[in-house]
Amino acid sequence: MSKHKLIGIIIVIIGIWMLLNVLRFATGGLVAPLIFFFLGYYFYQNKRKVIAAVFFIISGSILLDQLFQVNFVGLLLAILCFYYGWKLVRGSKKRSIKEREKRLAALKGEEKLRYATTKEENDIEELFNTTVPLVDLSSSHGGDDIGYEPIIRKNFLGDIHYMDKQFELRDVTIWSGLGTVKMDLSKAIIPEGESIIVIQGVIGEINVYVPDDLAVAVQASSLAGEMTIFHEKHSGINQQINHAPMSYKQSKRRVKLVLSMVLGEVTVRKI
C-alpha cells in the first residue's frame, strides 16, 4: 500500500463518518479504530511490524472500549500479571530443585573429605596459609593513556544510520525514541583494544552488521519484541541474550555491543 493510497483511505473514512452524521446515523465511534487499523496495516506492509503492532493494539483497545466497554489496558495488565506470577511460581520450583541438588552435592563432598588422609589435610592447610606476594600493576601503564570524549547521539523521532560512508569507531552511545538505528561495522575504522557501543531505543529497530573477522561481544535485552543475535533468535517479553566468543579478550581489536529496546526488534548479523 502506497502512502497516497493510505491517505485516500483515511479521507474516505472521514467522509463516510461525516455523511452518516449528517444523515443522523449512529457510527458508534468506529472512525478512530479504523484509522489506526489502516495505519497499522500500512506499516505492516512496509515491514515495520513493531510499529504496526502498536497501531493494531491502539485500534483494538478503542474498539473493545466502544463496543463492549472493556478496558483493554486493564485486560493486558491482568494477563501480564498472571504471566509473570506463573513464571515466578515455576521459577521458585526450579530454584528449590537446584538448591536440593546443591545440598546433596555438598553432603557428598563432605563425606569424601572425611576419608582424606592426615598428610593431604596438612598439604591443603599449607597451601591456604601460603602468602603470595602482590605485584603492583599500576607502574606498567606508564601514565600514557590518551583521553578522548565518547560520541553521544540522541534522536527522539527518526532514523540513525552508519551504513554508507566509512567512519572512525570510538566509544559511542546512541539513544532513539521512535525509529531505526542501523550500523555497519564493516565500514568502521576500528582502533586497537576494546570499543564499546551502547544503543538504547524505546520503539523501533536496532540493526548491527558485523564483519566475520571481528571479535564481538553482545549484551542485548528487550522488554517486548524479537531479538536475533547471529543464529540465535528469541521473541516474547523480557528477553536477554549474552554472547561472546572464547577468544574475545585475546583479540587485538574487539567491540562490545550493549543493545536494549523497550518495544521492537534487535538484530545482530554477520556479513
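What follows draws every value from the coordinates through simple rules; no lab data is involved. Quick caveat: nothing in here was measured; it's all calculated off a predicted structure. Don't worry about glycine lacking a Cβ; one is built from the backbone with ideal geometry, like all the others, and counts go over all protein chains shown.
Expressed to the nearest 5 percent, the antiparallel share of DSSP beta bridges inside the stretch 147-270 is 15 percent. Of the residues 168, 232, the one with the fewest other Cβ atoms within 10 Å heads the list, and the complete ranking is 168, 232.
Residues whose amide H falls under 5 Å from that of residue 195, counting only those 5 or more places apart or on a different chain, are 254, 255, 256, with hydrogens built in the peptide plane. What is the stretch 147-270 by shape, rounded, prolate or oblate, if you read a ≥ b ≥ c off the alpha carbon gyration tensor as root eigenvalues and call it rounded for a/c under 1.5, prolate for a/b larger than b/c, and oblate otherwise? Since a/c reaches 1.5 but b/c is at least a/b, the shape of the stretch 147-270 is classed as oblate.
Straightening the chain between residue 161 and residue 230 buys 22.8 nm, computed as 0.36 nm per residue apart minus the Cα-Cα spacing. When you filter the trypsin sites (Lys or Arg not before Pro) in the stretch 142-249 for DSSP loop state and at most 11 other Cβ atoms inside 10 Å of their Cβ, you are left with 165, 249.
Annotation: the residues 271, 237, sorted from fewest to most other C-beta atoms within 10 Å of their own C-beta, follow the order 271, 237. Estimated at 0.36 nm per residue, the fully extended path between residue 212 and residue 194 surpasses their Cα-Cα distance by 4.8 nm. Each principal axis of the Cα atoms in the stretch 215-271 has its own extent, and those three values, largest first, are 35, 18, 15 angstrom. Taking θ as phi - 60° and the Karplus parameters 6.51, -1.76 and 1.60, the scalar couplings of the stretch 34-51 work out to 5, 5, 5, 5, 5, 5, x, 5, 5, 5, 5, 5, 8, 6, 9, 5, 5, 5 Hz in sequence order, x denoting glycine and proline.
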